[in-house]
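Following: one structure in structure tokens, then a few remarks.
A short reminder: the numbers here are calculations on the coordinates, not readings from a lab. In this text, all values refer to a predicted model and were calculated from it rather than measured experimentally. Glycine gets a Cβ as well: all are built from the backbone with ideal geometry, and neighbour counts include every protein chain shown.
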Amino acid sequence: MREKQTKILYEMYKAARNLQAIPSTATLLSDFLEKVSNEYHKDNDVKALLEELALIHDKMKNVPLPQTRTEFESRANLFTLMERLKEFLQIKRKFMISRNTTAEPQS
């Protein structure tokens, strides 16, 4: 799990580094990234975080289309970052589900 997540974090870094401008939608994602950093811990099954990320994704769909090439490319990188974050959280979610289904019942 950690190896996969490390690779995804690097991809997220590259997407953020490639931002040439800061799209208006960046605030939604940056606030969410801060929330993830505060709530992500070994016992969090990240279900609520994935649900919130889906809502952010829906909000971003309703934003008017970019008007310039720079804005288009920046929003594309932001979308890539968001998709990698989703993968990152899904890995944790699958891990938590498998851990809970293989755990022996306590007496």
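Observations on the model:
- Rounded to the nearest 20, the size of the Cβ-charge dipole of the chain about its Cα centre is 300 debye, with Lys and Arg at +1 and Asp and Glu at -1.
- Annotation for Asn62 and Thr102: the two label points, set 7 Å from Cα along the Cα-Cβ direction, are 4.1 nm apart.
- Computed over the alpha carbons of region 58-107, Rg followed by Dmax gives 18.3, 62 Å.
- Across the chain, the relative contact order, built from alpha-carbon pairs under 8 Å that are at least six residues apart, equals 52 percent.
- Screening the chain for whole DSSP H helices of 15 Å or more along their axis (Cα) with average Kyte-Doolittle hydropathy at least -0.5 returns 26-39, 47-61.
- Ordering Ser24, Thr68, Gln5 by the projection of their Cα atoms onto the charge dipole of the chain, which places +1 on the Cβ of Lys and Arg and -1 on the Cβ of Asp and Glu, puts Gln5 at the extreme positive end.
- Extent along the principal axes, Cα only, for the chain: 62, 26, 19 Å, with the longest axis given first.
- DSSP-loop chymotrypsin sites (Phe, Trp or Tyr not before Pro) across region 1-93, with at most 14 other Cβ within 10 angstrom: Tyr40
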